[in-house]
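A short worksheet on the structure shown next.
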Amino acid sequence: MGTIRDYFAKTPLQRERLSQIGRLSDRLAVDAHVADERNQLSLAAIEALKAIHYPAFTVPREWGGLGIGLYEWVLYQERLAQGDASIALGIGWHLGIIYDLREKRSWPDAVFRQLCKEVVEKGALVNRAATERATGSPSRGGKPQTVAIRKQDGYELRGRKTFTTLAPVVDYFIVTATIEGTEEHAEFLVQRETPGVRIDPTWNMVGMRGTSSHDLVLDGVRLPAEALVYVKASRHQGTASPYLLFIPACYLGIALAAREEALKFAASYQPNTLNHPILYTPNVQQWLGQMELELSAARHYLYAVAERWDARPDDPAYLEPELGAVKTYAVQTALSVVDKAMRVVGAHGLALSHPLQRMYRDVRFGLHNPPMDDMVIHSLAQRAVKEAETAGGS
Ligand SMILES: Cc1cc2nc3c(=O)[nH]c(=O)nc-3n(C[C@H](O)[C@H](O)[C@H](O)COP(=O)(O)OP(=O)(O)OC[C@H]3O[C@@H](n4cnc5c(N)ncnc54)[C@H](O)[C@@H]3O)c2cc1C
């Protein structure tokens, strides 16, 4: 019989890989607690992911990766997040960026190929450093205050990025900058050892503490001309992209882990007012049933959208708003499920030694990962408005 954990695995290969990642995820859960207490990402977790070549899972097959699709990747991300959500979010950025570049081929081929080579051979990690204090969420299209100054032999970068997830272990940062004297918004590939690159350890939040999403400081960083990998036509990143589905997967992973804690507790807790564990009380079963309902709906939504995207829809523009809608729905669900799990466990879950209180703090961060809820709702409304206008005009 299948379980809630492997319910969405479709092939024997997916089941096998999911079970390997599941074993790893269960081991990571211990470190996740320590990482949260120390406000430090787990280096052991990163090494463990590299040991199973996880960073190369979305690298194109012809360049030595597994080239997995969106559905399969979401499956593994959700499972990883059950053990360590911070690590799942961090490695999700890396794998998502590679997936996106693989699909769009928006960079010079030689640069992407070299990056993939390093991912496959050395487990190199990449992340995008786009957020700044002045821009807020980059998905809203704020102008980067980080500047790229043209020099005879390339560029010089100056600026500060906030929220740079996995900053202590990222090998390549994709830095967004405005090219001085223009309105051009470009991306530069910056190797962490380049002189002038510095991490300022500013990350001290109430949750997702193990992401070490510190500030990245670029203090006169000299780069060759080839470091400019992409010039954006518009600063707006749009509301949704398939590669961002690791975000709903991450927060649903937290919700699944909270559900498991609630079940474990309910099956073992028997106060002396009862002659059976609280698992069999109607009030607890009401919470459990509601959690199952909410999780099931959100997971079916997530996996259905991922599957449709993998099938390369005829009309991707129609599906696009759903990529964002899934994130909004999944995070709302995750917040609600974790809250219900906390109610089942009662005050026991508020002990600092209990994993539920970490999940309760971590899950809140989903609200502040892209795409942003108001933009998602707006894009869904626009799709409906367009339909009404078309119907009205026909
Ligand atoms: C755990 C975590 C990891 C992250 N990792 C990365 C990373 O690796 N790289 C990276 O670049 N970023 C990263 N981010 C940053 C993230 O993408 C957001 O930029 C950041 O969280 C700010 O989100 P915010 O909701 O506070 O947005 P803000 O834009 O600062 O918004 C704050 C408030 O103002 C409102 N608001 C702001 N602008 C507008 C507007 N134009 N119109 C209407 N309302 C507005 C918002 O709705 C909200 O109520 C990470 C964030 C988190 C939480």
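Rule-based calculations on the coordinates, nothing more; no lab input. Since the model is a prediction, treat every value here as computed from it, not as a measurement. A quick note on method: Cβ atoms are made from the backbone with ideal geometry, for glycine too, and the neighbour counts reach across all protein chains shown.
Numerical summary
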{"read-out": "Candidate lysines - alpha carbon under 18 Å from LYS122, same-chain residues fewer than 8 apart omitted", "value": "LYS50"}
{"read-out": "Nearest-0.05 FRET efficiency for ALA225 and THR3, computed from C-beta distance (R0 51 Å)", "value": "0.45"}
{"read-out": "Selected from ILE174, VAL147, LEU157, residue furthest toward positive end of dipole (the stretch 123-180; charges at beta carbon)", "value": "VAL147"}
{"read-out": "In order through the stretch 335-352: 3J(HN,Hα) via Karplus (6.51 cos²θ - 1.76 cosθ + 1.60), integer Hz, x for Gly, Pro", "value": "4, 5, 5, 5, 4, 5, 4, 5, 5, 4, 7, x, 5, 4, x, 8, 5, 5"}
{"read-out": "Check: the stretch 128-232 dipole with +1 on Lys, Arg Cβ and -1 on Asp, Glu Cβ, in debye", "value": "320 debye"}
{"read-out": "Hull-based mean projected area of the chain, where the convex hull spans the alpha carbons, in square nanometres", "value": "22.0 nm²"}
{"read-out": "Cα centroid separation - the stretch 82-125 against the stretch 1-62, whole Å", "value": "16 Å"}
{"read-out": "For ARG198, distant residues with modelled amide H under 5 Å away", "value": "VAL217, ASP219"}
{"read-out": "Ranked by how many other beta carbons lie within 10 Å on average, peptides 105-112, 52-59 from highest", "value": "52-59, 105-112"}
{"read-out": "Positive-pole candidate from ASN39, PRO224, VAL111, dipole of the chain, charges at beta carbon", "value": "ASN39"}
{"read-out": "Cut-off under 5 Å, modelled amide H: who pairs with GLU132 long-range", "value": "THR162"}
{"read-out": "Karplus (6.51, -1.76, 1.60) ³J(HN,Hα), θ = phi - 60°, over the stretch 159-166, in Hz, Gly and Pro reported as x", "value": "x, 9, 10, 9, 6, 8, 5, 6"}
{"read-out": "Inter-label distance, nm, simple model (7 Å from Cα along the C-beta direction), ASP100/GLU62", "value": "2.3 nm"}
{"read-out": "Compactness of the stretch 292-361 - radius of gyration and Dmax, Cα, Å", "value": "16.1, 51"}
{"read-out": "Formal net charge of residues neighbouring GLY154 (Cβ-Cβ distance under 10 Å; K, R +1; D, E -1)", "value": "0"}
{"read-out": "Relative contact order computed over the chain (Cα-Cα under 8 Å; 6+ residues apart), in percent", "value": "16 percent"}
{"read-out": "Vicinal HN-Hα couplings computed from phi for the stretch 285-294 (Karplus, 6.51 cos²θ - 1.76 cosθ + 1.60; Hz; Gly/Pro x)", "value": "5, 4, 4, 4, x, 5, 4, 4, 4, 5"}
{"read-out": "Folded to 0 to 90 degrees: helix 70-83 orientation relative to the chain principal axis, Cα", "value": "60 degrees"}
{"read-out": "Those lysines that a straight Cα-Cα span of less than 22 Å connects to LYS104, excepting residues fewer than 8 apart in one chain", "value": "LYS117, LYS232, LYS327"}
{"read-out": "Rounded to the nearest 20 debye, dipole of the chain from Cβ charges on Lys, Arg, Asp, Glu", "value": "380 debye"}
{"read-out": "In nm, spacing of pseudo-spin labels at HIS300 and HIS368 (7 Å Cα→C-beta vector)", "value": "3.4 nm"}
{"read-out": "Linear extension gain, TYR318 paired with THR273, 0.36 nm per residue minus alpha-carbon span", "value": "10.7 nm"}
{"read-out": "Distance in nm between pseudo-label sites at GLU387 and GLN145 (7 Å out along the Cβ direction from Cα)", "value": "4.2 nm"}
{"read-out": "Cα-centre dipole for the stretch 242-393 with unit charges at Cβ (Lys and Arg positive, Asp and Glu negative), debye to 20", "value": "600 debye"}
{"read-out": "Centroid-to-centroid separation of the stretch 318-342 and the stretch 372-393 [C-alpha atoms, Å]", "value": "19 Å"}
{"read-out": "Given charges at Cβ of Lys, Arg, Asp, Glu: the chain dipole, positive-most of ALA51, LEU302, ALA9", "value": "ALA51"}
